[in-house]
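The structure appears below as structure tokens.
Please treat every number below as a calculation from the coordinates, not as lab data. All of these numbers come straight from a predicted model, not from anything done at the bench. Neighbour counts run over all protein chains shown; Cβ positions are idealised from the backbone, glycine included.
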Amino acid sequence: MDDISPFQQALVSSKNVIILAGAGLSAASGIPTYRGLGGLWLNFDETKLAKPEAFKKDPSQVWQFYHPRRQGCLDAQPNAAHRALATFCLPETLSRVAPSLDPKWPAPLLITQNMDALSSRVLSSFSPADKEAAEKCIVEMHGCIFETRCTSCAHVQRAYAPTPSSDALSAAAAAVAPINIPVEQLPRCGGPGCTSNRYGRCGGLLRPNVVWFGEVPMHLGDIAMRMNWCDLLLLVGTSTTVHPAAGFAKTVKQRGGKVAVFNLERNDTVDADFTFVGNCEETLPLALG
Ligand code: BJW
Ligand code: ZN
């Protein structure tokens, strides 16, 4: 691991800090990453499951992919890296470790590519004022597995509970391979567990409110604006293979900013100024402490 003090000096003089988090942030919480050893895409074909065309063709199969993962995320607990990032976002911490933040950007932006909501759930142990302050920092650019979106009326609902109208999906979870669930038995707008009463509970097919390949990530306008001013970008547990997030480090470097990488492995595709190789749940609390 690199010496921490040059990184901490950079933090002290930074005016606009951004953190881009990926699946490695939640690895210690037991949520599998996507690529590499034990990665989700080694066992599942993303082209058949994480594309809008796949959902259109076979929503039953796609729901059977997300249903158990939603339960897995519900069972998982935030780890020391989630806590370190959330604590870093608090005004009290910032005034100590990053006192030069521009009043225009008074707090860091925590952009997570993760859909597991652990960066938000970790805040449940914070005081209401700290929770509110830290919550403002978080942006879930690839959506959230606890949200559903109606494919007809676009109503979005977030619930930390099993998938709505999940009887058929729960039964299917016991099967060895995906089964063919009739589309009317899949989660529906206004059905059990869905509170939508817009458009008279339209009954449309719900989908997980996550960003699939070929779809535009969420909050891109805000992200692009902050990225243009960013002078220190932390890449935490991401392979930087998926665009547009894969290009953020280059944007920051081109504008004279610095990049710090917190990852189990070295990433030669990133021109990093600071590299902390190891488990981020160990390196982040040290570096941001
Ligand atoms: C640890 C650790 C520990 C482990 N401590 N580290 C060619 C060129 C440019 C673009 C494209 C292209 N071909 C196709 C595209 C577009 C495509 C893309 O980028 N594809 C690539 C695969 C090439 N991108 C898109 O389609 C995106 N949309 C888009 O581009 O729209 C166009 C547009 C953009 C901008 C403006 C206007 C229009 C959408 C991408 C959606 C990604 N969706 C997923 C699935 C979410 C739902 C679900 O979960 O099912 O998002 S895919 C998956 O990858 C997930 C992740 O968020 C994302 C990134 O993965 P991440 O987080 O980096 O995880 P891993 O597994 O790759 O890496 C984990 C890392 O952790 C590793 O490095 C480990 O070493 C490390 N690690 N344990 C520290 N304890
Ligand atoms: Zn609807």
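Return the distance in nm (one decimal) between the two label points of a simple spin-label model at Val156 and Trp229, each offset 7 Å from Cα along Cα→Cβ.
2.3 nm
Report the percentage of all Cα-Cα pairs in the stretch 104-152 whose separation exceeds 17 Å, rounded to a whole percent.
On the way: 498 of 1176 pairs.
Pairs farther apart than 17 Å: 42 percent.
In cubic angstrom, how much convex hull volume per residue do the alpha carbon atoms of the stretch 198-289 span?
Details: hull volume 14.8 nm³, N = 92.
Spelled out: Cα convex hull of the stretch 198-289, divided by residues, is 161 Å³.
For a quick size check, give me the Cα extents of the stretch 144-186 along its three principal axes, largest first, whole Å.
31, 22, 14
Output the relative contact order of the stretch 81-240, whole-number percent, from Cα pairs under 8 angstrom with separation of 6+ residues. Let's see the in-between values first.
Values: 202 pairs, mean separation 33.7, N = 160.
Normalised by residue count, the contact order of the stretch 81-240 is 21 percent.
Please report, in Å, the Rg and the Dmax of the stretch 6-48, where both are computed over Cα atoms only.
Cα radius of gyration and Dmax of the stretch 6-48 are 16.1, 46 Å respectively.
Ranked from highest to lowest mean number of other Cβ atoms within 10 Å per residue, what is the order of the peptides 259-266, 167-174? Spell out each step's value before the answer.
Working: 259-266: 20.1, 167-174: 15.0.
In descending order of packing, they fall as 259-266, 167-174.
Taking θ as phi - 60°, what are the ³J(HN,Hα) couplings along the stretch 97-111 by the Karplus curve (6.51, -1.76, 1.60), each to the nearest whole Hz, with x for Gly and Pro?
9, 9, x, 9, 4, 5, x, 5, 10, x, 9, x, 10, 9, 9
What ranking, highest mean first, results for peptides 105-118, 137-150 when packing means the other Cβ atoms within 10 Å averaged over each residue? Walk me through the intermediate numbers first.
On the way: 105-118: 22.8, 137-150: 21.3.
So the order, starting with the most tightly packed, is 105-118, 137-150.
Over the stretch 1-54, what relative contact order in percent results from Cα pairs under 8 Å that are six or more residues apart?
Values: 22 pairs, mean separation 7.2, N = 54.
RCO, the stretch 1-54: 13 percent.
Tell me the angle of helix 220-229 to the major Cα principal axis of the chain, expressed in degrees between 0 and 90 and rounded to the nearest ten.
10 degrees
What's the whole-number percent of alpha carbon pairs in the chain lying beyond 26 angstrom? Display every interim value, and only then the final one.
Numbers: 18831 of 41616 pairs.
Result for the distance tail: 45 percent.
Please sort by residue number the chymotrypsin sites (Phe, Trp or Tyr not before Pro) in the stretch 188-253 whose DSSP state is loop and whose Cβ has at most 14 other Cβ atoms within 10 Å.
Values: sites: Tyr199, Trp212, Phe213, Trp229, Phe248; in loops: Trp212, Phe213.
Hits after loop and neighbour filter: Phe213.
For the chain, what's the relative contact order in percent, using C-alpha pairs closer than 8 Å and at least 6 residues apart? Display every interim value, and only then the final one.
Numbers: 527 pairs, mean separation 73.7, N = 289.
In percent, rounded to a whole number, it is 26.
Taking only the Cα atoms of the stretch 34-182, how large is their convex hull per residue, in Å³? Present the calculation step by step, with values, prior to reporting the outcome.
Details: hull volume 23.9 nm³, N = 149.
Roughly 160 Å³ of hull volume per residue.
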